[in-house]
Each structure stands twice: as structure tokens, then as C-alpha cells.
């Protein structure tokens with residue numbers, strides 16, 4: 001792609017380094033900014049730089065936060081003995097939206113993925129293991145994506161905390177609510193039969 | 001969407017004002033930036049602000065440019081009597097990529113679109129009309145999108161320059177090269193029959 005202006009070229013190149021944004025999309029976004037008031041570009045840039053430079057992580061659960069402890073960890077009405085292990089802030093938001101979880105979280109910051117060069121040391125695993133060993137935890141719920149990387153990460157953590165006398169659980173896998181059976185994949189459908197639950201319990205959870 | 005940090009919230013809100021980027025995508029992009037070195041965010045922001053504040057437009061064709069005249073207008077090897085009227089810089093890039101056009105461009109900066117509040121006065125139409133009236137132009141090619149807005153804009157300009165003794169043409173509409181006839185829409189197929197060209201000419205253009 002040849003641009004008639006170096007300024008455009010540079011902006012497009014930087015923009016297209018974001019995931020899922022190619023050169024064409026980047027150009028469309030950049031031209032959109034050109035048509036808007038200058039303020040919009042300035043505000044966007046300031047917000048991004050401020051976010052990147054001043055962001056803090058909760059000292060306990062590693063969730064993104066504006067203070068030393070995130071709102072969830074600082075909330076005494078939540079069950080601090082029940083920890084849900086998730087990949088990142090988006091998963092925290094998704095689970096919070098369900099309104100079904102009253103424990104606290106532990107944000108790993110990713111999954112073990114040798115292909116992407118992410119090893120256990122880059123994730124917040126040690127602090128989780130320490131928390132478990134300190135004896136204040138009753139139950140850990142693994143809520144990572146159901147992928148090879150997610151399973152590997154679960155298993156890696158499991159091996160380190162298996163000797164502790166805590167309950168280790170994982171979120172249920174099965175047919176999504178509203179899904180037609182015939183379109184479900186075989187693995188999910190198979191698991192949902194093997195891991196069937198008493199009818200009354202499934203009914204109550206609705 | 002509730003965020004655990006005001007910084008994230010602000011960055012996501014600004015990001016999601018870009019066209020085609022919703023809150024979820026914005027959050028994904030912002031979290032990506034968080035995982036990258038700080039420099040990437042700083043460079044992106046600087047490139048956007050520099051682009052928005054220092055961008056210049058070619059004094060002749062209104063293309064985006066780093067100097068007073070864009071490279072195309074400053075090129076004496078190009079035919080300055082042949083002007084291709086386009087909507088924005090992307091169209092210039094697309095036509096330049098074909099290598100088939102040796103004239104110069106005139107960038108309108110948009111199309112007449114009452115729905116979006118864009119009238120003729122917001123577009124670079126007057127300078128085009130003046131150029132035509134100055135008598136230095138031999139032919140004008142309309143290369144706007146084949147939409148209601150594009151046709152309206154073409155017609156608006158046409159009315160103002162119709163009295164000049166120049167050739168006014170428009171790019172050919174027809175079946176795309178490689179397209180199957182049965183999947184072409186009726187209007188395009190109909191036009192391609194009405195506006196058929198001598199077989200030898202079509203063959204040569206390949």
C-alpha cells in the first residue's frame with residue numbers, strides 16, 4: 001500500500017498492529033479521525049496513554065484496578081474463601097454479569113501456551129499457589145476456556161495445589177441454554193451425558 | 001458494561017467511537033495494548049495526533065499530502081488535462097494501483113448525502129468547477145461509488161460544468177472480471193448489456 005502522506009502511513013502502520021485490524025481497516029479508521037474534530041483524536045490518544053501508563057493491578061487477585069485492592073477483593077460481603085481462576089478481566093466481567101458468583105477472583109493474565117511463548121512464569125500462578133498454601137482458601141473454581149491451553153493451565157495449577165485439602169472444581173461444560181442438540185459438537189454432547197446432574201438441581205439453577 | 005478501572009473505561013469509550021468498533025472490540029484492543037510494551041501505545045498515540053494536527057491537503061486536487069502539491073499533481077509526466085473525480089484518498093490509491101490512469105485526480109472529500117448532513121458546500125466542488133471553467137481541462141471522469149449519493153453528486157457537478165466544452169465521462173459499470181453471470185444483480189447485468197462495447201475493445205483492455 002502506497003500512501004500520499006508519511007503521516008498517514010505512520011498512523012496506519014501503528015493502527016494496523018492492533019489485533020484484527022489490517023491496513024485497510026486502519027486506513028478507514030484514520031480517515032474517519034481526519035473527518036472528526038481534532039479533539040477526538042487528542043482525547044483518544046490521551047486516554048490510551050493514560051491507561052497504559054497509570055493502570056494498576058489489584059495486589060491480591062491481579063485484576064485491573066484503580067486502587068491497591070480491586071472493588072471485588074475489597075468487598076467484605078464476598079466470600080474470600082472461594083476463588084474463581086480466570087484468564088483476564090473480560091472473564092471477570094462476564095462472570096460478574098451473571099450475578100451468580102459471590103466469591104473472589106484470581107486473574108492469571110493468560111494461559112500457558114508454548115506456541116505463543118507464554119510459560120507458567122509469565123502468569124500469576126505463584127501468588128495463587130501461595131494463597132492456597134496459606135490455608136485461607138476453601139474452594140478453587142477453574143473457569144478457563146475449554147481449549148488445549150486452558151486445560152494445560154488448569155492441570156499445571158492442579159498439580160501444585162492437589163495436596164492441599166481444598167475443593168478444586170471446574171465450571172460445567174455442556175449444551176448451552178437455548179441450543180439445539182443436533183447442532184452441538186460431539187465432545188460437548190458426550191461430556192454433557194457423562195457429567196449429567198440430578199434433574200431437580202438443573203431445574204433449580206434455571 | 002462495567003469496568004473495574006476508570007482508565008480502562010475511558011480508553012474503551014474513546015476507542016469505541018471509531019466506526020465498526022464496538023465496546024467489546026475496543027476492550028479487546030485496549031487489553032492487547034496493556035500486554036504490549038508501553039512504547040507501542042505511545043507511538044500509536046503520537047502517530048495519530050501528529051497525523052491529525054499536521055496533515056496537509058494538496059492545494060490543487062485536495063488529496064492528502066505532505067507538501068503543498070501532492071506527488072501526482074507535481075508530476076509533469078501526468079496528463080493534467082484529464083481529471084478523475086473521486087470521493088477520497090482510498091479511491092486514489094485504488095485507481096493508482098491499477099496502473100491504468102495517467103491523468104490527475106480531484107478529491108471531493110465525500111459525497112452529497114442529506115441523510116448524513118453533507119451538502120455540496122462541504123465538498124471540494126467549487127474548485128473543480130473553477131478548474132473546468134479556467135479552460136485547462138479536456139476530460140473529466142466521474143469515479144464515485146455507484147450509489148444514490150454518488151449519482152446525486154455526479155449529477156450536481158455535471159449540471160455546473162455541462163456548458164463547458166469538455167468531455168464528461170464516467171467509469172464503466174458492468175460484471176466484475178471473474179464473476180459468474182448468474183450471481184450478478186439485475187441492474188448491473190442489465191446495464192452491462194445496454195452499455196455493451198465492441199468485442200475487440202473489451203479484449204484489448206484485458
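The values are calculated or read from the model by the stated rules, or taken from the named source; none is laboratory data. All of these numbers come straight from a predicted model, not from anything done at the bench. Cβ atoms come from the backbone with ideal geometry, glycine included; neighbour counts cover every protein chain shown.
Name the single residue, out of those in the range A:76-93 being within 12 Å of chain B (Cβ to nearest Cβ) and assigned to a loop (DSSP other than H, G, I, E, B), that is modelled with the lowest pLDDT. Explain how you work it out, then say what you get.
From the range A:76-93, those within 12 Å of chain B (Cβ to nearest Cβ) are A:87-93; that's our starting set.
Pick out the ones that are also assigned to a loop (DSSP other than H, G, I, E, B) and you get A:87-88.
Values: A:87: 93, A:88: 89.
The residue in question is A:88.
Can you tell me which residues in the range B:174-206 are in a loop (DSSP other than H, G, I, E, B) and surrounded by 13 or more Cβ atoms within 10 Å (Cβ to Cβ)?
B:174, B:175, B:184
Quick one: how many residues across the range A:94-109 are within 13 Å of chain B (Cβ to nearest Cβ) and buried (at least 17 other Cβ atoms within 10 Å of the Cβ)?
Counting residues in the range A:94-109 that are within 13 Å of chain B (Cβ to nearest Cβ) and buried (at least 17 other Cβ atoms within 10 Å of the Cβ) gives 6.
Does at least one position in the range A:29-49 carry a residue that is under 22 Å from the mean Cα position of the chain (by Cα) and more than 7 Å from every other protein chain (Cβ to nearest Cβ)?
Taking every residue of the range A:29-49 in turn, none turns out to be under 22 Å from the mean Cα position of the chain (by Cα) and more than 7 Å from every other protein chain (Cβ to nearest Cβ).
Would you check if residue B:39 is surrounded by fewer than 17 Cβ atoms within 10 Å (Cβ to Cβ) and without any contact (Cβ under 8 Å) to a residue 12 or more places away in the chain?
When the stated conditions are applied, residue B:39 passes them.
Can you name every residue in the range B:50-66 that is within 9 Å of chain A (Cβ to nearest Cβ), surrounded by fewer than 18 Cβ atoms within 10 Å (Cβ to Cβ) and within 20 Å of the chain's Cα centre (by Cα)?
B:55, B:56, B:66
What tally of residues in the range A:136-173 results from selecting those that are assigned to a loop (DSSP other than H, G, I, E, B), in contact (Cβ under 8 Å) with a residue 12 or more places away in the chain and more than 20 Å from the chain's Cα centre (by Cα)?
Here the count works out to 5.
Specify which of the listed residues (B:130, B:87) is surrounded by fewer than 17 Cβ atoms within 10 Å (Cβ to Cβ) and over 22 Å from residue A:40 (Cα atoms).
Sole residue among the options that is surrounded by fewer than 17 Cβ atoms within 10 Å (Cβ to Cβ) and over 22 Å from residue A:40 (Cα atoms): B:130.
Which of the residues belonging to the range B:4-28 are assigned to a loop (DSSP other than H, G, I, E, B), more than 7 Å from every other protein chain (Cβ to nearest Cβ) and under 14 Å from residue A:90 (Cβ atoms)?
If the condition is that a residue be assigned to a loop (DSSP other than H, G, I, E, B), more than 7 Å from every other protein chain (Cβ to nearest Cβ) and under 14 Å from residue A:90 (Cβ atoms), then B:22 is the only one that fits.
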